[in-house]
Every structure is written in structure tokens, then in C-alpha cells.
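Structure first, then comments.
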Amino acid sequence: PDGSWLARPRGDSSLSGELVLLLAFLEDEHSELAEQAAAAIRADQRPNGDWSRTPDGGADVCVSVAAYFALKLVGDAPNEPHMRRARQAIRELGGADAADAATRLWLALLGQIDFDCCEPIAPEWLLLPDAWQRRVLGGAARDADRNRLTAMAVVSALRPQRPIELARGVRELFLESPEQWGTPAGTVSLSTRLWSTLARLSERAGLLPMRARALDLAETL
């Protein structure tokens, strides 16, 4: 109606990869929609095996890990040429060890790593005043940023999981044991980390009076 067109950004496999991971969590990774997303992922793979977040952009380890995992979930064999190239490229980029907080949550959601290896993100940030919420968001005010962090916080708090069997997993992308992975850089703001650390300490002490209220609020967003 406004004169524009709706289309998938060419060369960006991040949404296609995450769509397949979501469908896998819902036990629907063999659906027609999942195969359509997988076809887009294959078409976007670059000659050396990795994937980029933008057309002609640099290699992105997070997008590449999600794309590789998505292709394994729909049935691509790890010994196929495009999968071998992807695996080598990802390991050269630092492996799944170098993935950001969001990608680690996807890995935990599908049973590849423990949630304790993920960045803790407390949903209680939703109860903060608007000014503090902007700090948690790193100064961003877009609904997309707010919704994404909210979703990550809900997953971090509830720890839902659909374990994927070893043959379809991505352990071959790990350079070190997940317990040895460092804190992912540049994924959430310092305020989020401080707030989430406080929430984690409160959780271990059994003091989470605001958790249920925060999760109820997240359902309305």
C-alpha cells in the first residue's frame, strides 16, 4: 500500500538460519518452510564456505554457525563439499566458541551447550524505568532491539530445551569445551551484564520476587 516491496535481504542468512533453528525447537525442521529457508542459506553461502550478515560484507561467525547448524538439521550431510567448506571456515573464524550471546542461546535451546555457558540476561530489566531500560539496551530505542533482548531474557530465565541428537549437532564446531569459552564480546551492554549478574546472584540465593512479574510483562510485548 505504501509503494514499497517486501523481500528477503539478499546475502543475509541470519534470519533464515534462525528460522530453521526455531522450527527445529518446535520439532518442525522437516517442513516445507524449513526447506525453503535452507535453500536460501545454501544460495547465500560464499565461495570459501562462510556466510555474511550483509551482501558483500565480511565473514560473520555467528551467522555462519547458525547457517551450518540449520543445514544439518534439515538433513545436509556433514561430508558434503559445501558443509566441509563451511566447517573449515567457521573453525578458522574461532569456531562456535566465538559466537555471540544470541547464538549461544540458540545452541543451548537445542541442547548443544548448557545454559550455564550462556550470557545471563535477566527479564527483570523490563521493570526498570524507561531511562534505565535505554541503558540496558545500550542507548538503542528501537522496538526490534527491545523485543530481541526481551526474547533472549525469557529464554535465559526459563531455559527451554529440545535436545538434538549428536549426529545432527554441531560439536565439530567447538574448538574448546563450552565451559572454557570466554564471555562473548559486544553482544549485550555493560548495564545488562551488571543487572543480570545481580539477578543471577539473587536466583542462587532464592530471592526472585520480581521474576514472575517480569515474565508476565514479557508476554504482553
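Contact annotation: residue pairs with Cβ atoms under 9 Å, 6 or more positions apart or on different chains, pairing a residue in the stretch 153-176 that is among the aromatic types (Phe, Trp, Tyr) with a partner that is in a loop (DSSP other than H, G, I, E, B), are 174/95; 174/112; 174/113; 174/181.
Of everything in the stretch 142-164 that's open to solvent by 30 Å² or more (accessible area, probe 1.4 Å) and among the hydrophobic types (A, V, I, L, M, F, W, C), which residue is nearest to residue 106 (Cα to Cα)? Among residues in the stretch 142-164 that are open to solvent by 30 Å² or more (accessible area, probe 1.4 Å) and among the hydrophobic types (A, V, I, L, M, F, W, C), the one nearest to residue 106 (Cα to Cα) is 155.
Is there a residue in the stretch 33-43 that is small (Gly, Ala, Ser) and open to solvent by 30 Å² or more (accessible area, probe 1.4 Å)? If you could, list the steps in order and put the result at the bottom.
Filtering the stretch 33-43 for residues small (Gly, Ala, Ser) gives 34, 37-40, 43.
Applying the additional criterion that residues be open to solvent by 30 Å² or more (accessible area, probe 1.4 Å) yields 39, 43.
For the stretch 33-43, residues small (Gly, Ala, Ser) and open to solvent by 30 Å² or more (accessible area, probe 1.4 Å): present.
Restricting 167, 131 to those that are among the small types (Gly, Ala, Ser) and either surrounded by 17 or more Cβ atoms within 10 Å (Cβ to Cβ) or farther than 16 Å from residue 70 by Cα (or both) reduces the list to 131. Just one of the listed residues (108, 101) is surrounded by 15 or more Cβ atoms within 10 Å (Cβ to Cβ), closer than 15 Å to residue 184 by Cα and touching a Pro at 6+ places or on another chain (Cβ under 7 Å), and it is 101.
The values are calculated or read from the model by the stated rules, or taken from the named source; none is laboratory data. All figures in this text were calculated on a predicted structure; none of them were measured in a lab. Neighbour counts run over all protein chains shown; Cβ positions are idealised from the backbone, glycine included. SASA here: full protein model, heavy atoms, side chains in, ligands and nucleic acids out. Shrake-Rupley method; radii C 1.70, N 1.55, O 1.52, S 1.80 Å.
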